[in-house]
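Written below as structure tokens is the structure these notes are about.
The values are calculated or read from the model by the stated rules, or taken from the named source; none is laboratory data. Keep in mind that this is a model prediction, so the values were computed, not measured. Here the Cβ positions follow ideal geometry from the backbone for every residue, glycine too, while neighbour counts run over all protein chains shown.
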Amino acid sequence: MGRIKVVYVISRIDYALGFDWVDKYLNKDKFDLQFIFINPSVPKMHNDLLQRGTSSYYIPFNSKRDYIKVAFNLFKIFLKIKPDVLHVHLIDACLTTMPVAYLMRIKKRIYSRHHSTYHFDYFPHAVKYDKLINFLATNIIAISKNVENVLIKREHVAASKVQIVHHGFELNKFLNTNADNILALKSKYNPEGKSPVIGVISRFTDWKGVQYIIPAFKNILKDYPNAFIILANAQGDMQEELFKQLSQFESKQYCTIKFEKDLYSLYQLFDVFVHVPIDEHSEAFGQTYVEALAAGVPCVFTLSGIASEFVRDRENAIVVVYKNTDEIYNGIRLILENPDLKNKLIANGRNDVMKQFEVIKMINSLEALYAS
């Protein structure tokens, strides 16, 4: 019996470590893994895969007007490689791939659901597209219990069709960071060596809750005049409002970063990390919960996405209520003023994520699904 042909179809991604890890760790003796990228320009990851010998295709895509052309190109590629398993990621890939795969009777049509209630909350007209994709798929991966609940309870997907597979991470890389790389990022983003440093890695969009962190930092400055805040991934539909909030500070009191690839080193710049989505269901997963704890940074969290499954107040993080600047401020102070608590959070946080989110655990779940 030959290898199982598994094809990943991914839209609007330039590079993502998660897909890189799948290519690295999936058993190539059992699975023939190939990629198709649907993207406005040639993604960096496409070229990286080709250089290491993994088959990868690129289909140009700019807007929904290109859907038919993309679908035709997918049809030609599927005829050529005859996939046994499709694993589709993100909305444009799903809407172009799933109808073609359904009509071609490709046996296993899997998609990973990477959003939770985003369409319900912000684009209700798009819920019908989610339901169409649910119908066309043979299997749906829910990346958290939160997503599973949305699929089964709100979109009425049969429970037998849904399987939880948590994101996995190369967690050892958060433990073994390069001192020179950390120093380089510190010189770049915090050249004056200010402290304590409050870290945030969140898109500038309403449901991430950054608008409640900035005024909390203003209060921290009253207690710690040398404090500094780093806001990474600082772009999104709320950036005008959030940059206006930041304008109250001196430029030497904060730093914004649009993109930093070396997250392993970036986390090491933070004395406290804050991630506070505005409700329990906005995050589908929330990778930064796992990353920050793996990096050994004491954290202030609201419970959303994956955090609801394992984060415990004053055990592995400080948990605060939603949309509450005062609680965020008090949570940060609690960590800064209680070394024993801080050390407990660091030790427990690392231990908890190491047990649950190692990349091999994810790969084993995927391999079992592809082979079933």
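Is at least one residue of segment 60-68 of a type outside the set (D, E), crowded, with 19+ Cβ neighbours inside 10 Å and closer than 23 Å to I4 by Cα?
Within segment 60-68, none of the residues are of a type outside the set (D, E), crowded, with 19+ Cβ neighbours inside 10 Å and closer than 23 Å to I4 by Cα.
Which residue pairs have Cβ atoms closer than 9 Å, lie 6 or more positions apart in sequence or on different chains, and pair a first residue in segment 99-119 that is touching a residue at least 40 places away in the same chain (Cβ under 8 Å) with a second residue that is basic (K, R)?
What qualifies is T117/R154.
Checking the condition assigned by TED's automatic domain parsing to the domain that holds F301, polar (S, T, N, Q) and under 17 Å from the mean Cα position of the chain (by Cα), which residue from S202, S144 passes? Reasoning before the result, please.
Details: S144 fails: assigned by TED's automatic domain parsing to the domain that holds F301.
The conditions single out S202.
Across segment 28-57, what is the total count of residues that are of a type in the set (V, I, T), under 17 Å from A93 (Cα atoms) and either touching a Leu at 6+ places or on another chain (Cβ under 7 Å) or in a strand (DSSP E or B) (or both)?
2
Any residue that is buried (at least 17 other Cβ atoms within 10 Å of the Cβ), assigned by TED's automatic domain parsing to the domain that holds S11 and of a type in the set (S, T, Y) - is there at least one of those in segment 84-103? Break it down stepwise before answering.
So in segment 84-103, the residues buried (at least 17 other Cβ atoms within 10 Å of the Cβ) come out as 84-98, 100-101.
Now drop any that are not assigned by TED's automatic domain parsing to the domain that holds S11, which leaves 84-98, 100-101.
Cutting the leftovers down to of a type in the set (S, T, Y) gives us 96-97.
So far as segment 84-103 goes, yes, one or more of its residues are buried (at least 17 other Cβ atoms within 10 Å of the Cβ), assigned by TED's automatic domain parsing to the domain that holds S11 and of a type in the set (S, T, Y).
Quick one: in segment 219-267, which of the residues that are closer than 29 Å to F174 by Cβ and small (G, A, S) is surrounded by the fewest Cβ atoms within 10 Å (Cβ to Cβ)?
G236
Is it fair to say I164 is outside the structural domain of G305 (by TED's automatic domain parsing) and buried (at least 17 other Cβ atoms within 10 Å of the Cβ)?
no
I'd like the full set of residues that are crowded, with 22+ Cβ neighbours inside 10 Å, part of a helix (DSSP H, G or I) and of a type outside the set (S, T, N, Q), limited to segment 270-316.
Y289, V290, E291, A292, L293, A294, A307
Tell me the residue from N338, N330 that is more than 24 Å from R203 (Cα to Cα) and either buried (at least 19 other Cβ atoms within 10 Å of the Cβ) or not assigned by TED's automatic domain parsing to the domain that holds L26 (or both), please.
Being more than 24 Å from R203 (Cα to Cα) and either buried (at least 19 other Cβ atoms within 10 Å of the Cβ) or not assigned by TED's automatic domain parsing to the domain that holds L26 (or both) holds for just one of N338, N330, which is N338.
Kindly evaluate K186 against the criterion of being farther than 23 Å from A295 by Cβ and at pLDDT 95 or above.
no
If I filter segment 234-248 for residues that are touching a His at 6+ places or on another chain (Cβ under 6 Å) and among the aromatic types (F, W, Y), do I get at least one hit?
Checked against the condition, which is being touching a His at 6+ places or on another chain (Cβ under 6 Å) and among the aromatic types (F, W, Y), segment 234-248 yields no hits at all.
Here are the criteria: (1) of a type outside the set (S, T, N, Q); (2) outside any loop (DSSP other than H, G, I, E, B); (3) within 23 Å of G331 (Cα to Cα); (4) out of contact with any strand residue (DSSP E or B) (no Cβ under 9 Å at 6 or more places or on another chain). Tell me which single one Y267 does not satisfy.
The failed condition is (4).
Looking only at residues in segment 343-372 that are in contact (Cβ under 8 Å) with a residue 12 or more places away in the chain and of a type in the set (S, T, Y), which one is nearest to K107 (Cα to Cα)?
Y370
Which count do you get for residues in segment 212-234 that are more than 19 Å from K188 (Cα to Cα) and in contact (Cβ under 8 Å) with a residue 12 or more places away in the chain?
Total meeting the criteria: 12.
All but one of (1) in contact with a Lys or Arg (Cβ under 7 Å, 6 or more places away or on another chain); (2) in a strand (DSSP E or B) hold for Q235; state the number of the condition that does not hold.
(2)
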